[in-house]
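In what follows, a structure is listed as structure tokens, so that the remarks can point back to it.
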Amino acid sequence: MNNRMRLILLVSILLLAFILRIWKLDKVPTSLFGDELDVGYHALSILKTGKDYSGNYLPIHFRSLAEWRTPLYLYSSIPTVAIFGINAWGVRLPAAIFGVLGVFAFYLLIKVLTKKESLAFLASFLLCISPWHLQYSRAGFEVTEMLFLYTLGLYFFLICLKGRNTLWLSGIFLGLALWTYNTAKLFVPLTMITIFLIWGNELKKISKQRLASALIVFLIITVPFVIITFF
């Protein structure tokens, strides 16, 4: 398969992913549920006042009616809520966009992990039409944003093992994944422990400057979030 055919196939998969996630987004699901409305009102409040609807200025955790919510998806919704208002397009469009980006990130990850582009195309197509991924891409859920960031974090880590200076990018995306969904607070640290257990020898070959810069970037992103989470 030549480069042009590869590009056509990848664009086709991403276009299908886009259509499946955007088509009648304001009608399927039929109406906004409570968490989606919560996203909309928080985003609108931040847009107009700089505070959430509980009066907290640019919060790291949003205080909802029933829980404390991670902040990144709510901040990601501010531009679309500003354009469309508190409706399905305003609240759900970020999830749909991150859903499409997640399909592309998954293609990159499988390609570098297996070194088989045909398998990467198959994997990204299956994620593209996955009922699970479609469901969460068509509602105001944080999951597709988290999966996109997490996948890119793993991708840039694997790229760095090939000699690229991308470890700091891995630190950024894995760190931001913590800000998107509460379960990431558990499995991102477990992922990093697993990385050190499996690729510890390879990490020792990376220059101390690159390791230090990646660690500093990761800590800058995560330390405030960890402190707020515990205290």
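The values are calculated or read from the model by the stated rules, or taken from the named source; none is laboratory data. Note that this is a predicted model, so its numbers are computed, not measured. Every residue, glycine among them, receives a Cβ derived from its backbone with ideal geometry; neighbour counts consider all protein chains shown. All accessible areas refer to the heavy atoms of the entire protein, side chains included, with ligands and DNA or RNA removed. Shrake-Rupley method; radii C 1.70, N 1.55, O 1.52, S 1.80 Å.
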Distance in nm between pseudo-label sites at LEU58 and ILE83 (7 Å out along the Cβ direction from Cα): 2.4
Expressed as a whole percentage, what fraction of the accessible surface of the chain belongs to carbon and sulfur atoms when a 1.4 Å probe is rolled over the protein heavy atoms? 70
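Which helices, taking whole DSSP H runs in the chain, have alpha carbons extending 27 angstrom or more along the helix axis plus mean Kyte-Doolittle at least 0.0?
3-22, 88-114, 208-230
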Longest to shortest principal axis, alpha-carbon extents of segment 79-186, angstrom: 45, 29, 26
Counting all C-alpha pairs of segment 11-81, share separated by more than 16 Å (%): 54
Simple label model, 7 Å out from Cα along Cβ direction - PHE33 to TYR75, nm: 2.6
proj_area_mean for segment 1-120 (convex hull on C-alpha atoms), units nm², value 9.3
What dipole magnitude, in Debye to the nearest 20, does segment 88-231 give about its Cα centre under +1 on Lys/Arg Cβ and -1 on Asp/Glu Cβ? 440
Per principal axis, largest first, the Cα atoms of segment 150-228 extend in Å by 34, 21, 18
Cleavage-rule hits, GluC sites (Glu not before Pro), segment 63-147, DSSP coil, Cβ neighbours within 10 Å at most 16: GLU67
1.4 Å probe accessible area per residue over segment 1-46, in Å²: 63
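Output the direction-averaged projected area (hull surface divided by four) of the convex hull of the alpha-carbon atoms of the chain, in nm².
Approximately 13.8 nm², given one-decimal rounding.
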If the label point sits 7 Å along Cα→Cβ of ALA66, residues of segment 31-54 with amide N under 19 Å come out as 31-43, 53-54
Signed unit charges on C-beta, dipole axis of segment 61-177, positive-most listed residue ALA66, ALA105, GLY175: ALA105
